[in-house]
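What follows is a single structure, written as structure tokens, with notes after it.
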Amino acid sequence: MKTPTNSMYTTHLLAEHVHSFSSAPPAVGTRDTALRCILDLVGAAVAGSALQCSRAARDSAAALFGKGEAAIWMTDRTVMPIAAVIANATAASALDLDDGHRAARGHPGACVVPTVLTLAPFASVSADDVLSAIVSGYDVGVRVAAAQNAQGIQTRQSGRWAALAAVAAAASLFKVEPPLIAQALSIAGVLAPNQQANGSSGYSRLTGNDVKEGIPWSAATGLMALDLARNGYTGPEDLLDHPGYYDRQRILEGLGQRFEICGTYFKPYACCRYIHPALDRLFDLVKVHELRAADIVSVEVETFGWALKLGNVLSPANLVDIQYSLPYCVAIAAIDGRGALAPVSESLLHRRDLTELARQVRITVNPEIDALFPAETLAKVTVETRRHKYVSALDGPSGDPQRPMDWHAIEEKFLRVTRHALSPSKQEAIIDGVLGLAGGELDPFLRLLRFPG
């Protein structure tokens, strides 16, 4: 990669960086993280594939883009590659089980992994190439996301930057030359969905909808941007060089030396990451003090301010409402236990007992916790029963790099969240297929994604 100079556009430096991924496979530690990302994301997609939003994405993408040879995962349907990426990314992000990154405040995996695995059969690549492309996509996406200036780019939704991650992933996979990558990044940065209405950072308060963070359409935009660049289309190559919008130094810091995928967190529960620290602290108290839901009078959650910006609906109308409701998820955890959150199901809707307990959950902002956000997402939980008051430690969520979910934990999560969609033999075959990537075996794994379980 070229040595950065102030006269070089950041898109050019990122393009050189992306191109360099084709020269050598990832180091073992980085590779192993990528393997966890793949298994985790495929599990999230399988679990989310039965939802109405996923069915809608499959049908609409097929109708809009037409027939092709790209697989919609776990179905016998094939469509054009861009349509398959939309469908697979929708399923992957449907249940909020997909991975994330604290620096990005968003979800790279639901864009990058479907992009790479959907396109890989058309790229004549090796297993190492696939792993490198995934590392590339995470690296560019997270760096751009982390560099956003909140004054210029006010929404924090993943769709704002996922298109650039898709460009990086696909360009690495197809070994595109740097000048075209730079143009594609520039195009994608302009055409990516603005996401100004949705999510905790959007102006709409109605978070219980399927648009969520706009990841599927953003991934498709990235693929379109790369194709446009190959055909001579251009974009503003100085896109990332305006400090009112992006911090160039943050994008370039440690480029080629530190890979952002290694900072990925994994989610044991199917809800917004902002809720996870409260759930873990509640489970700590339940375990230590053998608390019963029937004895709980109230729950206080001390956490960071952004948790208050979630929908926090007390009587959810749909699964997305649940995913963005801290009080309702706390009630689920207390009454139904950990397993009910991996994944959430429609049986949790319209439950009077859950709503009644959710009404007793109070969220307060702790200034010390708030000051550490977004680098740390911490919570402290106080549970009051009829006889006693129990106070948890102050800590963060499981699945962070500091509190990692190792391969065994990811495997257990995969088996749990896919148990109703895949046969035990198909589950084990997919696990073995992901592990086979480390040994250079690609085609057997890709074939497993093509057919129902």
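Coordinate-derived values only; no laboratory data. Just so it is clear, the model here is predicted, and its values are computed rather than measured. A quick note on method: Cβ atoms are made from the backbone with ideal geometry, for glycine too, and the neighbour counts reach across all protein chains shown.
Rounded to the nearest 20 debye, what is the charge dipole size of the chain about its Cα centre when +1 sits on each Lys and Arg Cβ and -1 on each Asp and Glu Cβ?
800 debye
Once the Cα atoms of helix 10-20 and of the chain are each reduced to a long axis, what angle between those two axes, in degrees from 0 to 90 to the nearest 10, is obtained?
80 degrees
Considering all projection directions equally, how large on average is the shadow of the alpha-carbon convex hull of segment 362-418, in square nanometres?
That works out to 6.2 nm², a quarter of the Cα hull's surface.
For each pair in Lys267/Lys426; Lys287/Lys426; Lys175/Lys212; Lys309/Lys389, compute the distance between the two Cα atoms and list the pairs where it is over 30 Å.
Flagged as over cut-off: Lys287/Lys426; Lys175/Lys212.
What's the center-to-center distance, using Cα atoms, between segment 143-193 and segment 20-59 in Å?
That distance is 18 Å.
Sorted by mean Cβ packing within 10 Å, highest first, what order do the peptides 11-22, 204-215, 52-63 take?
Descending packing order for the listed peptides: 11-22, 204-215, 52-63.
Give the shape of segment 28-115 as rounded, prolate or oblate, defined through the alpha-carbon gyration tensor: a ≥ b ≥ c are the square roots of its eigenvalues, a/c under 1.5 means rounded, and otherwise the shape is prolate if a/b is larger than b/c and oblate if not.
It comes out prolate by the Cα gyration axes.
Let a ≥ b ≥ c be the square roots of the eigenvalues of the Cα gyration tensor of the chain; is it rounded (a/c under 1.5), or, if not, prolate (a/b larger than b/c) or oblate?
prolate
Would you mind checking the tilt of helix 52-65 against the longest principal axis of the Cα atoms of the chain, expressed as 0 to 90 degrees and rounded to 10?
In the chain, helix 52-65 runs at an angle near 20 degrees to the longest axis.
Near Asp336, within a Cβ-to-Cβ distance under 13 Å, what is the net charge of the other residues, with Lys and Arg +1 and Asp and Glu -1?
Residues near Asp336 contribute +2 overall.
Roughly how far apart, in whole Å, are the Cα centres of segment 69-101 and segment 229-280?
For segment 69-101 versus segment 229-280, the Cα centre distance is 21 Å.
Order the peptides 147-154, 429-436, 119-126 from the highest to the lowest mean number of other Cβ atoms within 10 Å of their residues.
Top of the packing list down: 429-436, 119-126, 147-154.
How much net charge surrounds Pro26 when only the other residues with a Cβ under 12 Å from the Cβ of Pro26 are counted, with Lys and Arg +1 and Asp and Glu -1?
Computed value for this residue: -3.
Where does segment 10-265 land on the Kirkwood hydrodynamic radius, alpha-carbon pairs, in angstrom?
Value: 17.6 Å, from the Cα pair sum.
Quick check on packing: order 410-420, 78-88, 347-357 by the mean number of other C-beta atoms within 10 Å, highest mean leading.
The densest-packed peptide leads the list: 78-88, 410-420, 347-357.
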